[in-house]
Amino acid sequence: MSGTLIERSLYERHSLVLRSYFRFISLLSFQVFNMRFQLLSILAVLASVSVEASQPEVRDLANQAGPAGVARSFERPHGNMRRSRSRHNKRKTCRVRPSASGSAPTTSSGPADSNSFAADKGGKPSVSASDSASDSTSSSPSASPSASGSAPADGASKEDSFEEAEASSASSAPAKPAPTAAGSGGVNTADKVLAGDVDKWIGTLAPEQGPVGTAIDTFTTGGGGPGVTMIDNAGAVKQGSFDSMTIEGNNPGLKTAYGLASFNGDSATFKFRQGQVGDNDSWFWYTTPDPGNTGMDLTAARTASFTYTVKFQDGFDWKLGGKLPGWYGGDSADAGKHCTGHAGSSSCFTSRLMWRSGGVGEVYNYYWGSKQAYCTDPSTYKVGKSEVICHSGSGDSLGRGAFNFEAGKAVTITNTVTLNTMNGNSPNEDGSQVIVVDGVKVIEANKLVLRHHDAGRIRGLFFSTFFGGSGGSWASPKEQEVTFSDISVSILEKL
């Protein structure tokens with residue numbers, strides 16, 4: 001009997017020890033699991049903070065990646081985020097203005113009244129078929145992207161919607177010209193508003209033909225004589241090449257677009273891949289104020305001219321349009337490089353060219369901080385029968401249809417800008433812009449404000465070439481090429 005009690009006592013003792021052991025093991029496992037869970041939670045929070053803090057760098061790498069995702073640089077030459085339009089609320093909201101009835105006063109005939117043109121063998125401008133097309137855009141509410149009542153979210157989508165509606169709208173009778181203001185110099189325009197926050201004007205007078213000015217200092221890769229540029233290159237002319245041109249920043253890969261651009265002495269050819277749109281796989285780089293590495297200093301210039309010859313390959317498909325090279329400037333080089341993609345400030349400006357559907361040409365300006373005179377005062381510009389379209393919160397189209405591009409044909413364009421002066425901390429409205437195409441002055445705009453601070457300067461050339469806009473409706477439908485040659489940069493007047 002006693003042996004049985006002893007065995008039962010030992011059994012109960014062993015059971016108690018085993019239960020205590022398993023309880024300890026279970027408690028220890030739970031504590032270890034709980035610690036691992038807490039550690040993972042801490043790591044997740046840290047990772048979230050790290051990812052959020054690194055978003056600008058991530059965006060830079062994504063936006064600046066070349067083919068195969070090669071990172072371009074961290075200098076954000078074109079990786080700008082779209083910003084809200086709150087910073088542009090100061091700009092006036094455009095309202096539909098009633099057009100006066102009556103017929104348009106006639107203007108004198110001759111080259112100065114030509115709209116779109118292609119130079120013939122004699123060098124004289126000839127009116128193209130797009131003359132009537134540029135004046136015959138529908139102004140019906142159905143053509144308005146905002147007619148449905150749901151406005152696009154920002155300046156970029158608003159502009160894209162407007163341009164898509166413009167390209168697809170049926171032609172109608174042109175709007176009748178508005179009354180000529182007293183003392184306006186005989187300028188007669190028609191005002192049509194096809195979408196919210198858009199001013200659209202139709203010009204009737206073209207600039208008077210005559211010299212643009214005399215160059216003090218010129219860099220050239222081999223072209224741009226006075227007969228084409230309307231500029232007298234009387235100063236020092238220094239020869240160079242595309243390959244010797246400078247680049248702002250520390251990433252020379254941008255200059256060749258990671259193999260999409262090829263240089264051949266005086267010319268550079270850029271290849272658009274099929275589907276190319278926006279900054280992705282684009283040609284997007286900036287020069288220094290000494291673009292040809294010849295000792296020029298564009299920051300000392302008040303008036304400067306940028307000339308180049310552009311040739312789109314035979315059979316080029318224009319789609320909705322795309323960007324071409326021009327100027328950039330601002331209070332600093334870094335500020336100037338951020339003045340694109342619907343993001344900018346009064347510390348920067350850019351002025352590029354664009355092609356539109358069918359090869360229609362225009363100047364595309366980001367002159368931030370002020371609503372320019374050409375958006376509100378028809379007496380300040382002359383653009384022939386072409387259009388001026390000002391979008392609230394994005395770029396302005398100056399002289400759309402003032403000239404045309406033609407696939408397979410070289411066109412030489414000179415973009416001359418004059419900075420406005422300053423009255424202390426206030427900008428004067430005395431800047432200007434002139435566009436000469438194949439020896440004919442086609443666009444002239446006055447009373448402009450390009451800079452708002454004394455530090456504002458011309459910073460260099462902006463080589464910007466891509467389809468867009470943005471979105472699939474703008475994308476290149478096939479692989480195709482454009483060639484640039486005969487670069488000339490001249491300083492005509494110093495600050």
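The values are calculated or read from the model by the stated rules, or taken from the named source; none is laboratory data. All of these numbers come straight from a predicted model, not from anything done at the bench. Ideal geometry is used to build each Cβ from the backbone, glycine not excepted, and the neighbour counts take in all protein chains shown.
Structural remarks
- Just so you know, in the range 249-258 the residues that are touching a residue at least 12 places away in the same chain (Cβ under 8 Å) and in a loop (DSSP other than H, G, I, E, B) include one that is surrounded by the most Cβ atoms within 10 Å (Cβ to Cβ), and it is K255.
- Tally, over the range 428-478, of residues that are part of a strand (DSSP E or B), closer than 19 Å to Y308 by Cβ and among the small types (G, A, S): 2
- Failed condition for T418, given (1) more than 18 Å from Y366 (Cα to Cα); (2) buried (at least 20 other Cβ atoms within 10 Å of the Cβ); (3) polar (S, T, N, Q); (4) modelled with pLDDT of 95 or more: (1)
- Verdict on F270 being within 21 Å of L353 (Cα to Cα), out of contact with any helix residue (DSSP H, G or I) (no Cβ under 9 Å at 6 or more places or on another chain) and of a type in the set (A, V, I, L, M, F, W, C): no
- The range 306-335 residues that are β-branched (V, I, T), paired with ones that are in a helix (DSSP H, G or I) (beta carbon under 6 Å, 6 or more apart): T307/T229
Conditions tested, residue by residue: (1) assigned by TED's automatic domain parsing to the domain that holds A301; (2) among the aromatic types (F, W, Y); (3) touching a Phe, Trp or Tyr at 6+ places or on another chain (Cβ under 9 Å); (4) surrounded by 16 or more Cβ atoms within 10 Å (Cβ to Cβ).
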position	(1), (2), (3), (4)
D232	yes, no, no, no
K238	yes, no, yes, no
D243	yes, no, yes, no
I247	yes, no, yes, yes
L260	yes, no, yes, yes
T269	yes, no, yes, yes
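- Of the strands (runs of 3 or more DSSP E) lying entirely inside the range 279-330, those carrying at least 1 residues that are under 23 Å from P226 (Cβ atoms) are 301-312, 321-330.
Listed here are the residues, each with its yes/no results for (1) of a type in the set (S, T, N, Q); (2) farther than 27 Å from G384 by Cα; (3) modelled with pLDDT of 95 or more; (4) not assigned by TED's automatic domain parsing to the domain that holds G292.
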position: V442; (1), (2), (3), (4): no, no, yes, no
position: L448; (1), (2), (3), (4): no, no, yes, no
position: D454; (1), (2), (3), (4): no, yes, yes, no
position: G471; (1), (2), (3), (4): no, yes, no, no
position: P477; (1), (2), (3), (4): no, yes, yes, no
position: Q480; (1), (2), (3), (4): yes, yes, yes, no
position: V489; (1), (2), (3), (4): no, no, yes, no
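Residue-by-condition table, conditions (1) surrounded by 20 or more Cβ atoms within 10 Å (Cβ to Cβ); (2) of a type in the set (G, A, S):
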residue	(1), (2)
D266	no, no
S282	yes, yes
P291	yes, no
A335	yes, yes
H338	yes, no
W355	yes, no
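- Restricting the range 440-495 to residues that are basic (K, R) and over 17 Å from the mean Cα position of the chain (by Cα), the residue that is farthest from E362 (Cα to Cα): K494
- Test for G322: is it within 20 Å of the chain's Cα centre (by Cα) and surrounded by fewer than 16 Cβ atoms within 10 Å (Cβ to Cβ): no
- Selection of the range 166-214 for residues being modelled with pLDDT of 60 or more, in contact with a Leu (Cβ under 6 Å, 6 or more places away or on another chain) and hydrophobic (A, V, I, L, M, F, W, C) yields only A167.
- Residue identified as touching a Phe, Trp or Tyr at 6+ places or on another chain (Cβ under 8 Å) and of a type in the set (A, V, I, L, M) among V434, V442: V442
- Filtering the range 287-315 to residues that are within 24 Å of F405 (Cα to Cα) and under 21 Å from the mean Cα position of the chain (by Cα) leaves A304, S305, F306, T307, Y308, T309, V310, K311, F312.
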